[in-house]
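Single-structure report; data block below.
The values are calculated or read from the model by the stated rules, or taken from the named source; none is laboratory data. Here the structure is a predicted model, which is why all the values come from computation and not from measurement. Positions of Cβ are generated from backbone atoms using ideal geometry, with glycine treated the same way; all protein chains shown enter the neighbour counts.
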Amino acid sequence: MAASTHPVALITGASSGIGAAIARDLGSRGYYLALAARRKDALETVARDIRTSGGGAVPLVCDVTKPESIAACVAHTREEFGRIDVLVNNAGVMHNGKIAGADVSEWRAMIDVNLTGLMLMTHAVLPHMQAAGSGHIINISSVAGKIITVGNGVYNVTKWGVNVFSEALRKEVYVDNIKVTVVCPGVVDTELLDKIANPEARANFKAFAAGLDPLTADDVAGAVAYALTAPSYVSINEVVLRPAKQER
């Protein structure tokens, strides 16, 4: 297929929550979208909504913990649209709980998805942006990457890692005319909260969130749009947004 005349964004974790909100927002702004996630049916729903609204979107089943799945996703995006202008690394999991007595498989899941998967996807897309001489990589992190709290230890590790990786990447690729932005939301009302595996940790976090008037996924999509719509000579490196009632 010939290269799209529309800007092209590849979004991971695009089947629901923040990723789906970013996809719908960018679709309304004229982007053509490669929507990557593991849940085929949910992806197809998001893609159909965007196409119904006049946008362009293709659903791509992708597991960011598997390099071969990432390679296929990137290749398919380029075959479909000809290029990748924007990468939004949004795929993530959150398993809160104290370090002592933790189920370490939950640690591995967070590290594999939140950090290693983000790094691998970036590694796969970066050469294409460098060859094009432009691009924008947006990494969805968290205020948990800035403030350490009890019961969040390994999640904190992954999000601090995302922030460190993002800044290291920025210092490498600004010379290639590639921008890097890390977006750090506070508590967001998405299904991520329901997927916390530890029942006690899930109940505690949902009780904490309930008193905050949490952010919505659309609020985070707005932060992404803010970074993407900055003038070409401006690089928004970090955006932090919290519910107004959230102290930490």
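What the table below lists for this structure:
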quantity	calculated
Selection from the range 86-112 of residues that are of a type outside the set (S, T, N, Q) and either touching an Asp or Glu at 6+ places or on another chain (Cβ under 6 Å) or within 19 Å of ALA168 (Cα to Cα) (or both)	VAL86, LEU87, VAL88, HIS95, ILE111
Of all residues making up the range 1-14, the number that are in contact with a helix residue (DSSP H, G or I) (Cβ under 7 Å, 6 or more places away or on another chain) and modelled with pLDDT of 95 or more	7
Residue in the range 53-70 that is in a helix (DSSP H, G or I), touching a helix residue (DSSP H, G or I) at 6+ places or on another chain (Cβ under 8 Å) and at pLDDT 95 or above present	yes
Every residue from the range 75-97 that is basic (Lys, Arg) and in contact (Cβ under 8 Å) with a residue 60 or more places away in the chain	ARG83
Total residues in the range 13-38, condition in contact with a Gly (Cβ under 7 Å, 6 or more places away or on another chain) and among the basic types (Lys, Arg)	0
Output for the range 26-41, where each listed residue is charged (D, E, K, R) and within 16 Å of the chain's Cα centre (by Cα)	ARG38, ARG39
Tally, over the range 154-183, of residues that are in contact (Cβ under 8 Å) with a residue 40 or more places away in the chain and surrounded by fewer than 17 Cβ atoms within 10 Å (Cβ to Cβ)	4
Residue count, the range 203-248 (criterion: among the basic types (Lys, Arg) and in contact with a Leu (Cβ under 6 Å, 6 or more places away or on another chain))	2
Count - residues of the range 193-212 that are assigned to a loop (DSSP other than H, G, I, E, B), within 22 Å of the chain's Cα centre (by Cα) and surrounded by fewer than 18 Cβ atoms within 10 Å (Cβ to Cβ)	1
Matching residues, the range 96-132, being part of a loop (DSSP other than H, G, I, E, B) and either touching a strand residue (DSSP E or B) at 6+ places or on another chain (Cβ under 9 Å) or surrounded by fewer than 20 Cβ atoms within 10 Å (Cβ to Cβ) (or both)	LYS98, ILE99, ALA100, GLY101, ALA102, ASP103
Of all residues making up the range 142-186, the number that are assigned to a helix (DSSP H, G or I) and in contact with a His (Cβ under 8 Å, 6 or more places away or on another chain)	2
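Listed here are the residues, each with its yes/no results for (1) within 24 Å of ALA217 (Cα to Cα); (2) of a type in the set (A, V, I, L, M); (3) crowded, with 17+ Cβ neighbours inside 10 Å; (4) in contact with a strand residue (DSSP E or B) (Cβ under 9 Å, 6 or more places away or on another chain).
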| site | (1), (2), (3), (4) |
| --- | --- |
| LEU35 | yes, yes, yes, yes |
| LYS40 | yes, no, no, yes |
| THR52 | yes, no, no, no |
| VAL64 | yes, yes, yes, yes |
| PRO67 | no, no, no, no |
| ILE70 | no, yes, yes, yes |
| VAL74 | no, yes, yes, yes |
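Per-residue answers, yes or no, for (1) within 26 Å of VAL8 (Cβ to Cβ); (2) of a type in the set (S, T, N, Q); (3) at pLDDT 95 or above; (4) in contact with a helix residue (DSSP H, G or I) (Cβ under 6 Å, 6 or more places away or on another chain):
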{"position": "LEU126", "(1), (2), (3), (4)": "yes, no, yes, no"}
{"position": "ALA131", "(1), (2), (3), (4)": "yes, no, yes, no"}
{"position": "SER134", "(1), (2), (3), (4)": "yes, yes, yes, no"}
{"position": "VAL143", "(1), (2), (3), (4)": "no, no, yes, no"}
{"position": "ILE147", "(1), (2), (3), (4)": "no, no, no, no"}
{"position": "ASN152", "(1), (2), (3), (4)": "no, yes, no, yes"}
{"position": "GLU167", "(1), (2), (3), (4)": "yes, no, yes, no"}
{"position": "GLU172", "(1), (2), (3), (4)": "yes, no, yes, no"}
{"position": "VAL175", "(1), (2), (3), (4)": "yes, no, yes, no"}
